[in-house]
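Let me begin by presenting the structure, written as structure tokens, before commenting on it.
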Amino acid sequence: MGSNYLYRKDLTFSVSETIIHVSDHFNQGAQYSPDSRGREFIISFMENEANHGSNWQYVDLFISTASVTNVSVNVTAPRLSVGKINEKLNVTFGKVEHLKLGYNVINEGSNRSSKGLHITATDEIIVFSMNKQDTSTDGYLAFPIDVLGKTHYAVCYSFDRNKVFTSNMVVVGVKDNTKLSIKLSSHHKINIRFEGKTYRYGEWINLTLNAYDTLQLETIGDLTGSLIQGSNPIAVFTGNKKTNLYLSGGRGDRGRDHLVEQIPPIVTWGKHFATVPFPERSDGYVLRFVTSEGNTRISISGCVTKTFILNTGTFRQENIPDSSCFLTISSSKPILIAQFSKSSDGKILSDPSMFIVPPIEQYATDYIISSPPATHSAFSNYFMVIIKASEKDGLIVDGKNIQSVRASFKSIHGTELVGGYVYVGKDTKAHSIKHKSPTSVFGAVAYGGAHYESYSFPVGLRLAPINQVCKSSRMKLADGLDNDCDELIDEEICNGKDDDGDLNIDEDCAASGIQYRPDNRGTEFIISFIENDGNKGSNWKFVDLFIGTASVNNVFVNVSAPRLPDAKLKENFHISFGKVEHLKLDYIVINEGSKRSSKGILITATDEIIVFSINRQSTSTDGFLAFPTDVLGNTHYAVCYSYDRNKVFTSNLVVVGTEDNTKLTIQLSRNHKVKITFEGRTYIHDEWINITLNAYETLQLETHGDLTGSLIQADKPIAVLTGNKKTDIHVDGGKNGFDHLVEQIPPTLTWGKHFVTFPFPGRSDGYLLRFVTSEDHTSISIAGCVTETFILYKRAFRQENIPHSSCFLTINSSKPILVAQFSKSSDGKILSDPSMFIVPPIEQYAADYVISSPPATNTPFINYFMIIIKAAEKDGLIVDGKNIQSVRASFESIHGTDLVGGYVYVGNDTAPHTIKHKSSTSVFGAVAYGGAYYESYSFPLGLRLAPINQVCKTSRMTVADGLDNDCDGLIDEEICNGKDPKFTTSAVQTSISVQQGSSGTVVSHLVKTFPSASTNKTTRNRKPKAASSKTTTSQTPTNSNRRSAIAISPTALAVTSTANTPSLVSTNKPTLTIQKPIAASGKTTTTLASSKGHHHSAISPITMMNHHTVSRPTQGAANKYSHGKQLLSGSAETGNGRTIWVLPRWLKILEAMMLAAICCIILGFSLCLCKNIFGMAGRRNRDDDEEKIFTVWQKKRRPLPLQRKN
């Protein structure tokens, strides 16, 4: 597994030493790997001669993308003198844009022109062209400018008896003032008249091209082997205006066709190849071999076995008469191979075509193409494929397994390969072929045959610069490069294992070993539904299930109720990005009463999907976002809504088993009205319910009391949903508005400490909050239009009424908590009723979301995205492929923070919607909300569900794994670009949070943060602003270059700030602050901060680096402080209840000198030790956030050429 060589033998290795270090990255810094996909192309078109003199008046350009975003494309001809081209279009995954360009873009004769086309895109696209006239067609796959080179060799086709057909080449300038030199091949018939001069074989043509300038040369002689060199990168196309190709007595003189290919630069050539014969042809094929170096030995194995030597700039032609012949080819030096189909033999009407055979070294793992139209009858289209026999069954064609499509494969004798064809029909649709494994590569060529015409070209290929002296490079995930110089590209999965058997681990990775990061997307879900009480007894007979995907693959989904045969639920379907499948499930799947049932719903998929549900009856609606089984936990707490006067409405909880023999324990809440009769026994508040659940079994409990704070524990993962069958929320005089409430509850391991609330749009009655804790002595602080601090204990909750409808609040807690937000009942003005959602912790914000707006029971919902994001990053939001500035959105600053909150209006349709950020490290919170006539819904659009609420252990980084690998409280906060953002703008900023412990001591912990570029200047002797005397939860300064999450180091015991600055406010002011004791608790909170090594503290910086305990300052200790101040000859400033201690200058200098001496000694010792042990000096971490992994990098000998197995 993991080898990109499909056939490799006798590899031996020599050992050399290096360091590979991996860390906490979100995506690769090298955004695009070198291949046939790109964002900028410069191309042109070779002359084509029609049959019978009938001209086709246009050429075809096909543009597609593998990106899941909406890609904007611009096609122009900047220097075209006749006819302007300025086409603007959008392409999305699964669709191909077809442009018909006027024939004025075609080059003619041996001339210099300005017929270069410029194609740009906002994301990677795939470009191929068809140049067709009546029964004269061929096409080519275009290469982006980032993989173009300076040196090329031409390949085309000609024959000795040729007196009519020309071989052609076109060169396109990419940059101005490009010096172009062409050495014509040695074929004796070459005679080119260009700009008043005649050039013969072996002669040089020298000229200068500017960007978009084109040069076409044509001759009756054979241009194969001509050398084409530029001082800057150039695009080169070679082939034939038209030719016939008849060998072995066929009737090929009647079959003529246009031939063209874009030629890869020699730095991308390979040494190992496999050929596939053309499908439905009976006349074999022709190969041409071109070399760039002398004494190149080439060996052919298969139905033809031959070895020969070629010299620089020469070529050799081989006729392969057997139409079923697969060949393997190996060479001692890199070569270029072209494969040709022959002219019609009277039986098969398809005519010549030509393609460049992809080297095995440049095979890829996925391809996208569109079948082109023919001039008369439709093409029969095929993928011609080479792959390892052991990996063939992993191929996926248009979302279907290879076993379920029309395909034929044959073993290639003496190798571990198979070759064959996949038939993709006669349509002109987009098609894809990929492998399930990101390290399983294969070759693919598109071929189509029709009435007297055909085409062929690679479906795609890598274009890595493998034909040059290899230099080992830092690995970036899926960078398309040979990082470890073993002639393999992206051959491993980052999983801590040696996948390719070279004694190295994760040295050149194609993908993360953790296939999916912990969030709300997954491949398996087990869910159920809480009972819903319809208005006036009118029941809706179904519940809605919505399933979408962010995957670019065609995803197969299965929905079933394994232990509920009466439901007759077995749905199978395919979904793709941009579409949401809406299922209506029979109401029999709803749980009823306090009872045990078997109403679990199982949803499985071949790739990650997003699942949410809407449980609606007449004017009684709410929904929930479902969590996949890989993020479910064992411990949960219920949250719902109830009030003291309630005598009608029930609060409910549903638990679903995911594994057999699950021991379930529920401790009911402390609410005195809780009374549940279950299986013949009555349970009241604080009592325990113990049962065993099997997979897909469900337990629903309901009571008129309030279940909020009920503890739900199991020995195996469970799914937990809580809410209300129906309820009203009539605080501040609300009127008769009732609605169903439900949310899936995240396990306690995923709870956070930092939150921002989302006021409901279009509401005038404010909202409610409920806070639930899982640990004692949890201090919670609210800041904003309401400012309050309180302490909660385990299984307790607190409700806060927020009367202001436009109020954004920041919430911070000393320990992880669960926060639920509720909209209120109708007040007679706003008809939308209660809804409930779990407020996502800032630590679990994500960077992109996909959702579909649900239908209402009466009037349509008015749908919004409710957003929290950093103000500096707001303009990077993209909604449904559009920049945030071009959609209906409203944002406002959240006082005292660097955040903004607001709404994005997404209409009253039921279409799928997306919202994402341009930067993969810019995260934001998003909640879906919709209001309609007496009903509403709300739930998070998505969220990460990383296990952040536990003791953090450093772990090996795999890209975008959704984990805090380096235990800094941040998830996937870096881009793999070889840089450490901590050291790019300023030194580390360190803060110490000190809070009085229960034992009477003050415990302090180190918290490291990193100031932004705008705040990296140290401010000396500046008085800090007055602090509030109120106790609030503080936050550590953050770096604007890092991800937006407000996350705190797991080593921090207490994180505090003033009530006036409750959120992400970065500061560089070095201060020691002692706040006044709080009357309620008697606590004293001290905060010490320093930056850039300027330590303003009576505590030694050496002591600061350790967990330590110091005596608690009390009023009786004032004399000690006074004595200490006199002894140090320092000074003190007081004001607003705070004392600022400033150390004397001589002590600061002495302290700095001591630190410098100690650092020098340690550094010198470390350098010596590293040099002796590793043979090299250590270097600063990059891309790891305090995390290094040392391995031995063993250099391997290059593999031997392909050869037969014994």
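The values are calculated or read from the model by the stated rules, or taken from the named source; none is laboratory data. Please read all numbers here as calculations on a predicted model, not as lab measurements. Neighbour counts run over all protein chains shown; Cβ positions are idealised from the backbone, glycine included. All accessible areas refer to the heavy atoms of the entire protein, side chains included, with ligands and DNA or RNA removed. Shrake-Rupley method; radii C 1.70, N 1.55, O 1.52, S 1.80 Å.
With q set to 0.13, 0.16, 0.27 Å⁻¹, the log10 of I(q)/I(0) for the range 684-732, from the Debye formula over equal scatterers at the Cα positions, is -0.41, -0.60, -1.37. For residue 157, nonlocal amide neighbours, meaning residues 5 or more places apart or on other chains whose placed amide H falls under 5 Å from its own, do not occur.
Normalising by residue count, the range 523-624 has a Cα convex hull of 94 Å³ per residue.
The base-10 log of I(q)/I(0) for the range 718-782, evaluated at q = 0.16, 0.25, 0.26, 0.29 Å⁻¹, reads -0.82, -1.30, -1.31, -1.36 [Debye formula, identical scatterers on Cα atoms, solvent excluded].
The listed peptides 397-410, 432-445, ordered by packing as a protection proxy, come out as 432-445, 397-410 (highest mean of other Cβ atoms within 10 Å first). In the range 419-463, Cα pairs under 8 Å separated by at least six residues give a relative contact order of 24 percent. Value of Rg to Rh for the range 836-904, rounded to two decimals, is 0.98; Kirkwood radius and Rg both from alpha-carbon coordinates. Between residue 325 and residue 588, the simple spin-label model (points 7 angstrom out along Cα→Cβ) gives 6.4 nm. Relative to its residue count, the range 310-439 spans a Cα convex hull of 149 Å³ per residue. When the alpha carbon gyration tensor of the range 387-471 is reduced to an equivalent ellipsoid, its three semi-axes come out at 24, 19, 14 angstrom, largest first.
Using only the C-alpha atoms of the range 166-303, find the volume of their convex hull and express it per residue in Å³.
Per residue, the Cα convex hull of the range 166-303 comes to 152 Å³.
Out of every Cα-Cα pair that the range 66-206 contains, those further apart than 22 angstrom amount to 52 percent. Packing order of peptides 593-603, 878-888, highest average first: 593-603, 878-888 (average count of other Cβ atoms within 10 Å over each peptide's residues). Taking all protein chains into account, the per residue accessible area for the range 850-892 stands at 41 Å² (1.4 Å probe).
Give 88/918; 570/725; 271/388; 824/918 a once-over and call out the pairs whose C-alpha atoms are over 23 Å from each other.
As for pairs spanning more than 23 Å Cα to Cα, those are 570/725; 824/918.
When 1/r is averaged over all different Cα pairs and the result inverted, which Kirkwood radius in Å belongs to the range 287-346? Numbers along the way, then the final one.
Values: mean 1/r = 0.0814 Å⁻¹.
One over the average 1/r among Cα pairs gives 12.3 Å for the range 287-346.
Eigenvalues of the alpha-carbon gyration tensor of the range 138-210, scaled by 5 and square-rooted, set the equivalent ellipsoid semi-axes at 24, 18, 11 angstrom, largest first.
Highest mean first, the peptides 113-120, 223-230, 145-152 sorted by other C-beta atoms within 10 Å per residue fall in the order 223-230, 113-120, 145-152. Comparing the range 254-360 with the 2.2 N^0.38 Å rule of thumb, its C-alpha radius of gyration ratio is 1.07 (two decimals). In whole angstrom, the range 731-870 maps to an equivalent ellipsoid with semi-axes of 26, 18, 14, each derived as √(5λ) from the alpha carbon gyration tensor and ordered largest first.
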